[in-house]
Amino acid sequence: MEAVPARVRAYVACVALGALLCLLPLPGVRTPWWAVALLAVLYLACEHAVRRRLGGTFYPVLLAGAFLLPPPAAALVPLPAALLARAGQRPRTLRRTWRAAEPALAVWGAGRVHWALGGRDAVVGCDFPYALLPCAAAVLAFCAVLALLDGGILAVAEGAPLRRAWRGLLSRWLAPVGVHGLAGLMMAVLWRSPYGPVAALLVLLPMCVSWWVFAQYHRERAAHQATIRALVQAVDIKDEYTRGHSERVGQASVMIARELGMDDDRVETLRFAGILHDVGKLGVPTRLLRKNGPLTPEERRIIELHPEYGHEMVRGISFLGEARAAILHHHERIDGSGYPYGLAGSQIPESARVVAVADAFDAMTSTRSYSRARPVAAAVAELRRCAGRHFDAGIVDALARALARHGWHPVVTADVPQPGAPGPGRPSDDRAGVGRGTP
């Protein structure tokens, strides 16, 4: 295990010091200690259940504390859960300190904003819809503190520029914490109502159910990712000369899909399609994929079956959606000269046309043992030359625009040198149009 850098320890110490400063006014604040204790125990129980069984963090109790208690007292609520929870990897003390200080500061900030806007009186008087305004501002403050601190530790630990470290963090926190904020407000209103704290606890039941559903969704998504990762690893092991190719095609497909304005679900489907486009190679004899020398016509016909093999392999995987069509048709050509079915123009599914361009682009820009990588500009020029005959011209233009805007910086996990790679005399494995996609 690598030692934690001194700058990270110093950052955590500064955050912890800030949390302690938030607690200094406690002696002069009228604090309902029984409410602090009850909320702290409740948060401890919820965190234990959520982290152990569902994963994630449960914020409604913290935000209810921000709406019910003076800010310094609200900052005490997350401390027992953080200090008594299992710390996991070492250094445990540093981890516990961070897990205690960060939510304490966030709750304190949310409480300060809520009380400054008169939220306490609105909660006590059940003054709706005015009570929603201080609640929304408090949730925004809570998210802003979390984003600020998370981005800061990322910048300190990895040396990333602050702007990049903070990018997207606030928007990532807002949606889930916003839902938790509404639940926290419901708890606070019921707590102050004639029904008392017992009624407030009933809010947690539907929240726990919804959290369980949310966790199940993420578990299912993780299972999907594991399925795809296993298939890609199997392809990389069988055809080691193109390791990392599938992941890069997935990334290029995502760039094209976003440039075309596809929604997030379709972008994710195109990523799956790009990653799995060559999964049918698992059905092709290894001796053909690794053969030195030209293919015979019969061997070429066998390799050209790999899109159909791939489609058969993934046909029962429902979450892939239109990615299955892309796997089957990514070697079709706009002029109808492709395979396996000789489709032309708009007969070819859009997802397959996207993957075809991404596949050809990566094959041209990747250094293999048998070919040198072309510059990105040269690869785009070649795609444009073949547009309208082999590739969809609109999709080629979309890739060119995306590359001009973002550049090409693929990050893959499988693109590593393999021992025993063949010498430069090894011919291209796209002899039947497999991999390169250019004439």
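The rows are residues; the columns are (1) farther than 26 Å from Trp212 by Cα; (2) among the β-branched types (Val, Ile, Thr).
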{"position": "Pro91", "(1), (2)": "yes, no"}
{"position": "Leu94", "(1), (2)": "yes, no"}
{"position": "Gly118", "(1), (2)": "yes, no"}
{"position": "Val123", "(1), (2)": "yes, yes"}
{"position": "Ala136", "(1), (2)": "no, no"}
{"position": "Phe142", "(1), (2)": "no, no"}
{"position": "Leu154", "(1), (2)": "yes, no"}
{"position": "Pro161", "(1), (2)": "yes, no"}
{"position": "Leu170", "(1), (2)": "no, no"}
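Of the residues making up region 271-311, those that are closer than 20 Å to Ala356 by Cβ, acidic (Asp, Glu) and either open to solvent by 10 Å² or more (accessible area, probe 1.4 Å) or touching a strand residue (DSSP E or B) at 6+ places or on another chain (Cβ under 7 Å) (or both) are Glu304, Glu308. Of all the criteria given as (1) open to solvent by 50 Å² or more (accessible area, probe 1.4 Å); (2) under 29 Å from the mean Cα position of the chain (by Cα), the one not satisfied by Pro129 is (2). Arg9 falls short of the stated requirement of being in contact (Cβ under 8 Å) with a residue 24 or more places away in the chain and exposed (fewer than 12 other Cβ atoms within 10 Å of the Cβ).
Look at Arg120 and say whether it is of a type in the set (D, E, K, R), free of Cβ contacts under 8 Å to residues at least 60 places away in the same chain and open to solvent by 80 Å² or more (accessible area, probe 1.4 Å). Here the answer is yes, as Arg120 does meet what is asked. Condition check: more than 18 Å from Cys46 (Cβ to Cβ) and either at pLDDT 80 or above or of a type in the set (A, V, I, L, M, F, W, C) (or both). Does Leu149 satisfy that? Considered against the rule, which asks whether it is more than 18 Å from Cys46 (Cβ to Cβ) and either at pLDDT 80 or above or of a type in the set (A, V, I, L, M, F, W, C) (or both), Leu149 comes out as yes.
For residues in region 338-353 being small (Gly, Ala, Ser) and open to solvent by less than 50 Å² (accessible area, probe 1.4 Å), which is farthest from Glu308 (Cα to Cα)?
Residues of region 338-353 that are small (Gly, Ala, Ser), as a first pass: 338, 342, 344-346, 351-352.
Filter once more, keeping what is open to solvent by less than 50 Å² (accessible area, probe 1.4 Å): 338, 342, 344-345, 351-352.
Working: Gly338: 13, Gly342: 13, Ala344: 17, Gly345: 20, Ser351: 16, Ala352: 13 Å.
Looking at the filtered set, the residue picked out is Gly345.
Inspect all residues belonging to region 102-111 and state whether any of them is on the phi > 0 side of the Ramachandran plot and among the hydrophobic types (A, V, I, L, M, F, W, C). No, because not a single residue in region 102-111 is on the phi > 0 side of the Ramachandran plot and among the hydrophobic types (A, V, I, L, M, F, W, C). From the list Ala144, Ala183, the lone residue that is of a type in the set (A, V, I, L, M, F, W, C), open to solvent by less than 80 Å² (accessible area, probe 1.4 Å), within 21 Å of Ala66 (Cα to Cα) and at pLDDT below 85 is Ala183. Among the residues of region 388-400, just one is at pLDDT 95 or above and either open to solvent by 50 Å² or more (accessible area, probe 1.4 Å) or among the polar types (S, T, N, Q) (or both), namely Asp397. Of all residues in region 393-411, those that are under 12 Å from Arg258 (Cα atoms) have Cβ atoms under 6 Å from Cβ atoms of residues that are open to solvent by 20 Å² or more (accessible area, probe 1.4 Å) and among the basic types (Lys, Arg), 6 or more apart or on another chain, in Ile395/Arg353. Sort out which residues of region 236-266 are open to solvent by 10 Å² or more (accessible area, probe 1.4 Å) and among the hydrophobic types (A, V, I, L, M, F, W, C), and write them in order of number. Listed by number, the residues that qualify are Ile237, Val254, Met255, Leu260, Met262.
Name the single residue that is most open to solvent (accessible area, probe 1.4 Å) among those in region 57-107 being more than 18 Å from Leu154 (Cα to Cα) and hydroxyl-bearing (Ser, Thr, Tyr). Only one residue fits best here, namely Thr93.
The values are calculated or read from the model by the stated rules, or taken from the named source; none is laboratory data. Since the model is a prediction, treat every value here as computed from it, not as a measurement. Cβ: placed from backbone, ideal geometry, glycine included. Neighbour counts: every protein chain shown. Surface areas here come from the heavy atoms of the whole protein model, side chains and all, with no ligands, DNA or RNA. Shrake-Rupley method; radii C 1.70, N 1.55, O 1.52, S 1.80 Å.
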